[in-house]
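First comes the structure, then the notes that go with it.
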Amino acid sequence: MTRYDLAGRTVVLTGSTGGLGAALAQALRARGANLALFDLDAEACAAQAQALGGPTVARGRHADVRDLAGLQTAMVEAAEHFGRIDVVIANAGIDTMAPMATLDPAAFERVIDVNLTGVWRTFRAALPYVEQQQGYLLAVSSMAAFVHSPLQASYTASKAGVWALCDSVRLELRHLGVGVGSAHPTFFTTPLMDDVVADPAGRMLWGGNDKGLWKMVPLSAVVTGIVSGIERRAELIVVPKTLTPTAKAPGIFRPILERLGFRGSTIAQAIELAASSGWNDSRALHRHDSGSCTADAVGEPDQPSNAGTVSAAV
């Protein structure tokens with residue numbers, strides 16, 4: 001495959017001032033990419049952009065992946081400033097460390113909102129510009145998408161969801177020439193991992209992540225792997241590569257099923273037929289809005305739904 005040269009291309013990076021984000025920004029700039037840096041900390045993001053060369057090659061601004069309208073505005077500004085958006089890296093992410101029985105429900109929901117829905121919002125806001133360049137969308141997932149740890153249900157669910165989201169969106173966009181990938185590093189040194197190692201529950205589970213099965217890899221190895229994956233427009237980036245069989249095992253039959261199940265222009269035609277509300281039939285839309293679709297699906301009468309309520313003492 002021809003190398004996807006990053007020189008002169010514009011890369012949007014969310015979570016740019018975090019451990020991985022900052023290291024990726026430096027590596028991408030070294031490849032000659034122009035950088036639109038998005039982060040919650042506007043001041044730190046602006047300083048980061050200045051350190052990377054200033055507004056002609058790097059521009060930072062506040063952006064919250066929980067705010068679609070804000071992301072759309074940020075993408076418009078980035079496209080106007082640099083004239084194009086070629087690559088988008090959805091890197092923003094958070095974690096928790098607690099069992100389901102005691103975790104504050106709001107904490108669980110926030111992880112899903114940032115790690116999973118935040119990726120969807122980022123891709124959605126960027127797509128009009130990336131499509132123009134037949135560019136590449138990348139979400140930073142984790143090996144936690146495939147190896148599911150206790151006390152991290154929100155994190156593992158979000159990262160597995162990101163993997164699945166990327167596979168689905170890739171099928172939707174392949175006829176447009178847009179590539180979609182997910183990156184799956186194992187444990188590596190970042191401020192987030194400092195929190196895991198410092199937490200007594202984290203130390204009990206993974207033993208400090210300094211040896212054995214859960215040993216951390218260098219941040220530099222993760223950055224090298226991700227940048228190399230972008231230059232290959234890879235569908236799956238695994239760091240270290242020795243874990244590739246573990247990552248590929250759950251989806252071993254996926255390429256075959258995709259080729260057999262979604263032939264020719266089927267997906268493009270389905271996209272044309274789809275309604276923006278999610279359903280063409282207003283009755284179906286009502287069922288899903290009311291939360292009664294599960295009962296209907298198994299032939300049971302509609303029943304009032306309490307699925308969206310949580311009652312717990314934490």
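What the table shows:
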read-out	value
Helices (runs of 4 or more DSSP H) contained in region 62-134 and holding at least 2 residues modelled with pLDDT of 95 or more and among the acidic types (D, E)	68-82
Filtered residues of region 144-160 (kept if β-branched (V, I, T) and not in a loop (DSSP other than H, G, I, E, B))	T156
Any pair with Cβ under 8 angstrom, 6 or more apart, that starts in region 265-277 at a residue that is under 18 Å from V178 (Cα atoms) and ends at one that is surrounded by 11 or more Cβ atoms within 10 Å (Cβ to Cβ)	S265/H175; I267/L171; I267/E172; I267/R174; I267/H175; A268/H175; I271/E172
Qualifying positions in region 21-42 - out of contact with any Gly (no Cβ under 9 Å at 6 or more places or on another chain) and in a helix (DSSP H, G or I)	A22, A23, L24, A25, Q26, A27, L28, A30
Residue selected from region 66-124 under the condition aromatic (F, W, Y) and under 11 Å from the mean Cα position of the chain (by Cα), by the criterion farthest from L13 (Cα to Cα)	W120
Any chance R121 is surrounded by fewer than 20 Cβ atoms within 10 Å (Cβ to Cβ), among the charged types (D, E, K, R) and within 21 Å of T17 (Cβ to Cβ)	no
Residue that is nearest to L171 (Cα to Cα) [pool: residues in region 203-240 that are assigned to a helix (DSSP H, G or I) and among the charged types (D, E, K, R)]	E231
Among the residues listed as E80, E131, E109, the single one being in the same structural domain as A33 (by TED's automatic domain parsing) and within 21 Å of V57 (Cα to Cα)	E80
Region 244-264, residues that are surrounded by 12 or more Cβ atoms within 10 Å (Cβ to Cβ), without any contact (Cβ under 8 Å) to a residue 40 or more places away in the chain and aromatic (F, W, Y)	none
In region 173-213, residue farthest from T96 (Cα to Cα) [restricted to those that are under 24 Å from the mean Cα position of the chain (by Cα) and small (G, A, S)]	G177
Close pairs from region 97-111: first more than 17 Å from V196 (Cα to Cα) and in contact (Cβ under 8 Å) with a residue 24 or more places away in the chain, partner aliphatic (A, V, I, L, M) and assigned to a loop (DSSP other than H, G, I, E, B), Cβ under 6 Å, at least 6 apart	T102/V314; D104/V314; P105/V310
Residues of region 2-22 classified as on the phi > 0 side of the Ramachandran plot and surrounded by fewer than 17 Cβ atoms within 10 Å (Cβ to Cβ), total	1
Residue ID - farthest from R174 (Cα to Cα), chosen from residues in region 241-273 that are charged (D, E, K, R) and out of contact with any Gly (no Cβ under 8 Å at 6 or more places or on another chain)	K248
Within region 34-44, tally of residues that are surrounded by fewer than 24 Cβ atoms within 10 Å (Cβ to Cβ) and either among the polar types (S, T, N, Q) or touching a Ser or Thr at 6+ places or on another chain (Cβ under 9 Å) (or both)	3
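The values are calculated or read from the model by the stated rules, or taken from the named source; none is laboratory data. Computed from a predicted model, the values in this text were never measured in an experiment. Every residue, glycine among them, receives a Cβ derived from its backbone with ideal geometry; neighbour counts consider all protein chains shown.
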